[in-house]
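Just below is one structure, and these are the notes that go with it.
The values are calculated or read from the model by the stated rules, or taken from the named source; none is laboratory data. Just so we're clear, the structure is a prediction, and the values are computed from it rather than from any experiment. Neighbour counts run over all protein chains shown; Cβ positions are idealised from the backbone, glycine included. Each accessible area value is taken on the protein alone, full model and side chains, heavy atoms only, with ligands, DNA and RNA left out. Shrake-Rupley method; radii C 1.70, N 1.55, O 1.52, S 1.80 Å.
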Amino acid sequence: MSNLTLNAVESLTGEIAVPGDKSVTHRAVIFSAMADGPCTITGYCGGEDCFRTIHAMRALGIQIQIAETVLRVEGRGLRGFSEPDQVIDCGNSGTTMRLLIGLLSGQEFFSILTGDHSLRGRPMGRITNPLRAMSAEIAGRRGGELAPLSISGRRLKATSYNSPIASAQVKSAVLIAGLFAEGETTFHEPAQSRDHTERLLRHFGAKLHCESETNTSVYSSRLHPRELVVPGDFSSAAFFIVAGLLVSNSRIILRNVGVNNTRIGLLNILRQMGGWIETSNLRDESGESIGDLHVHSSPLEGVDVDPTDMLRAIDEFPILCIAAAFANGRTQIRGMQELRVKESDRIATMAEALRGIGSTVEELPDGLVIHGHPTLHGTTCKSYGDHRVAMALAIAGLRTKGMM
Ligand code: S3P
């Protein structure tokens, strides 16, 4: 277990570039491995989760050269993977496990996926059920609800799946499996989740059709080799954006950040709270929107968070809680039951942490009501091994005064 101590600062000024986008990197590595030849991925995310995906591809027979900023992936086509002779360990990475289930369901060999304690407790039925409907043979604990999972891949049948939840991981697993199925595979979700898979698959030349924001179809298609550039991760930028708003006399510029509309709900919420955030230099790169973000410290007001914005800020809940804790008035975040099955139960974890720094919080089954206060005190908080909770608490430490 490691500890990090942060002290309040007077101001934050400067220009930074955040690491490459994690969601895009996972997909770029998998789609490059499925492509008909060598691909390069520049500006990839070098975090542990993406390395789990890289190691999984290597275990499936794909050669990947790793340089400081560029990955070279020797794509072997849709059916060029080979049977792994060991269990694939996805560590803490839900995206690795869920996207791989889609890929492995279409491979005519046997494989087993596992993960760390947290990942082995996260729901997998949301993926295994639609893939079984496509005739994948998947076994696991509690009837395939929990990992470890074994997958006997086979020729898949196309499906039309109506997902009860908006989830980019579920959507991606079904669309990836759809690349191996005969005919049209359609995924329908109740609200639009992040759309990196659709954008990247189109960029790789897949036959994909978006009937509407919530209805996507894919046909079996080959992927063409590409040179990709990964945008900076908005979810990493989020911590610096909130730091810049909360710490007085701050001016921060974040360069080359991904500003895909399905990811930037936090910008809308923070602007509604009174945050000064401007974008400049907007452009497109490898199918994704990129821009620079300019942030000035601002007094924030509590708001009732719009559920559509929140769905587009699902990973930003911990840092939004910190912004709300220092805002003037009450912030309500509802409709987010999904947060209870992330790397930790983020509703409970953040309620405990906020109370620790002296905030008044009401915990609801699907969210939090936070009564903001401009001065909160330092304390020792637990992240429960959840990286986004730890980073959010680090930002809180830049504003808290004294220790309890
Ligand atoms: C992700 C999708 C989201 C998000 C996760 C990454 C992805 O999860 O919370 O951190 O890369 O597809 P859900 O698909 O479960 O909403």
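Jot down the per residue volume, in cubic angstrom and as a whole number, of the convex hull over the alpha-carbon atoms of segment 140-240.
Numbers: hull volume 15.2 nm³, N = 101.
Per residue, the Cα convex hull of segment 140-240 comes to 151 Å³.
At what distance in angstrom do the alpha carbon centres of segment 26-58 and segment 72-130 lie from each other?
With segment 26-58 and segment 72-130 each reduced to a Cα centre, they are spaced 13 Å.
Tell me, what does the Kirkwood hydrodynamic radius of segment 275-360 come to in angstroms if you use every pair of distinct C-alpha atoms? Write down the numbers at each step before the final one.
On the way: mean 1/r = 0.0675 Å⁻¹.
Answer for segment 275-360: a Kirkwood hydrodynamic radius of 14.8 Å.
Angle between the Cα long axis of helix 346-356 and the longest principal axis of the chain, 0 to 90 degrees, nearest 10?
Tilt relative to the chain: about 20 degrees.
E227's amide H: which non-local residues (gap 5+, or another chain) put their own amide H closer than 5 Å, with H modeled 1.01 Å from N in plane and none for Pro or chain starts?
Long-range HN contacts for E227: T40.
Once you place label points 7 Å from the Cα toward the Cβ at E362 and H377, how far apart are they in nm?
About 2.5 nm separates the two model spin labels.
Please report the spacing between the Cα centers of segment 293-342 and segment 358-404 in Å, no decimals.
13
Once you treat every alpha carbon in the chain as an equal point and sum by Debye, what is log10 I(q)/I(0) at q = 0.14 Å⁻¹?
For the chain at q = 0.14 Å⁻¹, log10 I(q)/I(0) is -1.24.
For M403 and V87, what is the calculated FRET efficiency with R₀ set at 56 Å and r taken between the beta-carbons, to the nearest 0.05?
Working: r = 44 Å, r/R0 = 0.79.
The pair M403/V87 has a calculated efficiency of 0.80.
Using a probe of 1.4 angstrom, how much of the accessible area of the chain is carbon and sulfur, in percent?
Working: 7810 of 16030 Å².
Within the chain, the accessible surface is 49 percent carbon and sulfur.
Charges at C-beta only: +1 for Lys and Arg, -1 for Asp and Glu. How large is the resulting dipole of the chain about its Cα centre, in Debye rounded to 20?
Values: 40 positive and 43 negative charges, 110 e Å.
The dipole of the chain has a size of about 520 debye.
With θ set to phi - 60° and the Karplus curve 6.51 cos²θ - 1.76 cosθ + 1.60, what are the ³J(HN,Hα) couplings of segment 261-274 in order, to the nearest whole Hz, using x for Gly and Pro?
Result, ordered by residue: 4, 7, 10, 9, x, 4, 4, 4, 5, 5, 5, 5, 7, x Hz.
Take the alpha carbon gyration tensor of segment 254-322, find the square roots of its eigenvalues, order them as a ≥ b ≥ c, and report rounded if a/c is under 1.5; if not, report prolate when a/b exceeds b/c, else oblate. Before the final figure, lay out the partial values.
Working: a/c = 2.43, a/b = 1.40, b/c = 1.73.
The shape class here is oblate.
Rounded to the nearest 0.05, what FRET efficiency is calculated for A67 and R255 with R0 set to 22 Å and r the Cβ-Cβ distance?
0.55
In the chain, which longest range has no trypsin sites (Lys or Arg not before Pro) that are both DSSP loop (not H, G, I, E or B) and surrounded by at most 16 other Cβ atoms within 10 Å?
Working: sites that count: R79, R154, R155, K207, R222, R334, K382.
So the longest stretch without any such site is 223-333.
Pairing the Cα long axis of helix 94-105 with the longest principal axis of the chain, what angle in degrees results, from 0 to 90 and rounded to the nearest 10?
10
With unit charges on the beta carbons (Lys and Arg positive, Asp and Glu negative) and the dipole taken about the Cα centre of the chain, which residue among G102, S236, H209 sits farthest to the positive side?
Ranked along the dipole, the leading option is G102.
Using only Cα atoms, find the angle between the long axis of helix 234-246 and the longest principal axis of the chain, and express it within 0 to 90 degrees, rounded to the nearest 10.
Once rounded, the angle reads 0 degrees.
Along the Cα-to-Cβ line of E352, 7 Å from the Cα, sits a label point; which residues in segment 377-397 have backbone N less than 12 Å from it?
Label zone hits: 381-386.
What whole-number value in Å² describes the accessible area per residue of the chain for a 1.4 Å probe?
Values: 16030 Å² over 404 residues.
So the chain comes to 40 Å² accessible per residue, rounded to a whole number.
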